[in-house]
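Below: the structure, in structure tokens.
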Amino acid sequence: MPQQFLVLDTTAFYAGVPYTNTTENLVTTPDVISEVSNERTRSLIAVSKINVLQGSQEHLRKVKAAARMTGDDKDLSPADLSVLALCLSMKEEGNSPILISDDFAVENVASKLGIPARPLMTGGIQRAAEWVFFCPACGKQYSKAREDCLVCGTKLEKRLKRSQAR
């Protein structure tokens with residue numbers, strides 16, 4: 001029978017998700033547990049009702065591909081990638097995962113993958129976004145991330161891609 005799960009990103013732990021006295025199905029990944037550096041938080045996780053699960057390598061590859069498409073691939077940690085892969089795995093199993101995160105890049109890739117995300121301390125993203133990479137020196141634009149400009153060698157920056165007028 002399908003279930004609903006709240007998948008916790010690292011930011012959920014720092015935001016103070018009530019993970020000890022809850023009836024929710026809470027899950028996270030080993031990478032998130034490793035990323036939580038606060039000893040008190042780790043102690044609470046140890047006595048909580050949080051299940052620690054891992055998504056498949058196939059789903060991790062899909063997440064990385066989606067992150068490259070949105071331009072968020074350089075902004076995601078291994079923990080970020082792991083919670084997104086876990087959400088895809090759960091979704092494929094017929095369950096309903098909701099990703100709990102205040103990380104814009106994580107929410108953006110989740111949106112691209114059709115994974116609902118719920119922020120805790122921020123307003124969350126309003127719509128999925130894609131990045132454009134540009135050279136601040138010569139103005140050359142690139143649709144994919146790279147370190148420096150092919151024209152002048154300056155380090156590239158990124159900004160949200162502007163919507164096309166209809």
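The values are calculated or read from the model by the stated rules, or taken from the named source; none is laboratory data. It should be emphasised that the depicted structure is a prediction, and the values quoted were computed from it without experimental measurement. Glycine also receives a Cβ, built like all others from the backbone with ideal geometry; neighbour counts cover every protein chain displayed.
Select, from VAL32, VAL36, the only residue that is more than 17 Å from ASN108 (Cα to Cα) and modelled with pLDDT under 85.
Criteria check complete, one pass: VAL36.
Return yes when ASP102 is closer than 15 Å to VAL7 by Cα, charged (D, E, K, R) and part of a loop (DSSP other than H, G, I, E, B) and no when it is not.
Here the answer is yes, as ASP102 does meet what is asked.
Considering only residues that are outside any strand (DSSP E or B) and closer than 18 Å to MET69 by Cβ, look in the stretch 124-137 and name the one that is modelled with the lowest pLDDT.
Once the filter is applied, the top-ranked residue is ILE125.
Does the stretch 66-99 hold any residues that are part of a loop (DSSP other than H, G, I, E, B) and either touching a Gly at 6+ places or on another chain (Cβ under 8 Å) or within 30 Å of ARG159 (Cβ to Cβ) (or both), and which are they?
Across the stretch 66-99, the qualifying residues are GLY71, ASP72, LEU76, SER77.
Read through the list (1) out of contact with any Lys or Arg (no Cβ under 9 Å at 6 or more places or on another chain); (2) at pLDDT 85 or above; (3) not charged (D, E, K, R), then give the number of the only condition that MET121 fails.
The one condition MET121 does not meet is (2).
Please state which of the following conditions GLN57 fails to meet, knowing it meets all the rest: (1) surrounded by fewer than 16 Cβ atoms within 10 Å (Cβ to Cβ); (2) at pLDDT below 95.
(2)
Out of (1) touching a residue at least 40 places away in the same chain (Cβ under 8 Å); (2) among the polar types (S, T, N, Q); (3) touching a Ser or Thr at 6+ places or on another chain (Cβ under 7 Å), what's the single condition that is false for SER77?
(3)
Looking for something at pLDDT 70 or above, touching a helix residue (DSSP H, G or I) at 6+ places or on another chain (Cβ under 9 Å) and among the charged types (D, E, K, R) - is there at least one such residue anywhere in the stretch 138-151?
Within the stretch 138-151 (the criterion being at pLDDT 70 or above, touching a helix residue (DSSP H, G or I) at 6+ places or on another chain (Cβ under 9 Å) and among the charged types (D, E, K, R)), the answer is yes, since at least one residue qualifies.
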